[in-house]
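Please treat every number below as a calculation from the coordinates, not as lab data. Model, not experiment: these values are computed from the prediction. Here the Cβ positions follow ideal geometry from the backbone for every residue, glycine too, while neighbour counts run over all protein chains shown.
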């Protein structure tokens, strides 16, 4: 049998698909997702929020906001799901972790692939950040600086908010972002064009660099980037975090890694909902120390 040639670094198509098949990296994705839903439903039922705030009239996309108190800082959570799945309703689980530390939390929706492409999803994410900044006074929260976080595809979108060059289009300052949390992020999209992910993303190979944060790390950013990836994730997901964090630091930016050795690709995000866990405590300390 002929050897299958590699399509990305040392990986042939079959192994590269395995590296980026997040659902197959756990014994049961259904069980992991059930934890998301149960924890999110508990928050939605028990914790008051301002629901379905339209942040982008062009798309009609919305976010929910949990206010910790007047004038409190805001953390915007951007869900994962390979840009094609999940929503703000099954990601409310993150709220208690930071709310308990006096930090307001917004959880956003964005239009999903394949109905829209990656550039539109990035635009909507930036629109959400800009809307929160402009509406802070009306919402009775402090969004002079905005803090952000996301997992997997959400980590990619976090890093696209950290990129330079887009702020003027949205009328916001370049130093808007304070603390940024990237969990198991996808920072280099080039390998994904060789995987089944391309089946729903339909990446434009000529423009892949324009939507890959690894090549858009700003120099001397005022943001602090906190990175984490589960010890039970695949080599490629761990490499993505390692490479982006190294590039971030090499550009003279503040960054740190939070060890999550026992986490997998899904429960790492769930851990943010625990006020006493290392993720919530580290993020809260970074946000409150910078205010």
Could you work out the relative contact order of the range 222-291, using alpha carbon pairs under 8 angstrom and six or more residues apart, expressed as a whole percent?
35
The FRET efficiency for residue 7 and residue 238, from their Cβ-Cβ distance with R0 = 25 Å and rounded to 0.05, is 0.80
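Can you tell me how much longer the chain between residue 282 and residue 21 gets when fully stretched, taken as 0.36 nm per residue apart minus their C-alpha distance, in nm with one decimal?
Details: separation 261, 0.36 × 261 = 93.96 nm, distance 2.87 nm.
Between residue 282 and residue 21, full extension yields 91.1 nm more.
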Nearest-0.05 FRET efficiency for residue 140 and residue 115, computed from C-beta distance (R0 41 Å):
0.75
Below 8 Å between Cα atoms, with a sequence gap of 6+, how large is the relative contact order for the range 22-290 in percent?
19
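What's the extension gain from residue 193 to residue 54 if we count 0.36 nm per residue and subtract their Cα-Cα distance? Before the final figure, lay out the partial values.
Values: separation 139, 0.36 × 139 = 50.04 nm, distance 3.24 nm.
So the chain would gain 46.8 nm between residue 193 and residue 54.
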With the cut-off at 1.5 for a/c, could you classify the range 22-290 from its C-alpha gyration tensor as rounded, prolate or oblate?
rounded
Specify whether the C-alpha gyration tensor of the range 183-291 places it in the rounded, prolate or oblate class, a ≥ b ≥ c being the square roots of the eigenvalues: rounded for a/c under 1.5, otherwise prolate if a/b is larger than b/c and oblate if not.
oblate
Between residue 14 and residue 210, take the C-beta separation as r, use R0 = 22 Å, and let me know the FRET efficiency to the nearest 0.05.
0.15
Rounded to the nearest 500, what is the 222 nm mean residue ellipticity of the chain from helices alone, with -39500 (n - 2.57) per DSSP H run of 4+ residues and division by all residues?
-10500 deg cm²/dmol
Run the paramagnetic zone check for residue 254: 7 angstrom along Cα to Cβ, then residues of the range 129-145 with backbone nitrogen under 16 Å.
145
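How do 246-252, 71-77, 48-54 rank on mean C-beta neighbours within 10 Å, highest first?
With the highest mean Cβ count within 10 Å placed first, the list reads 71-77, 246-252, 48-54.
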With label points set 7 Å from each Cα along the Cα-to-Cβ direction at residue 30 and residue 246, the distance between them in nm comes to 4.0
Compare the peptides 59-70, 154-165 by average per-residue count of other Cβ atoms within 10 angstrom and give them in order, highest first.
154-165, 59-70
Quick one: among 13, 218, 275, which has the greatest mean-square fluctuation in a GNM of the chain with alpha-carbon springs under 10 angstrom?
13
Report relative contact order for the range 84-219 in percent, whole number only (criteria: Cα-Cα under 8 Å, sequence separation at least 6).
24
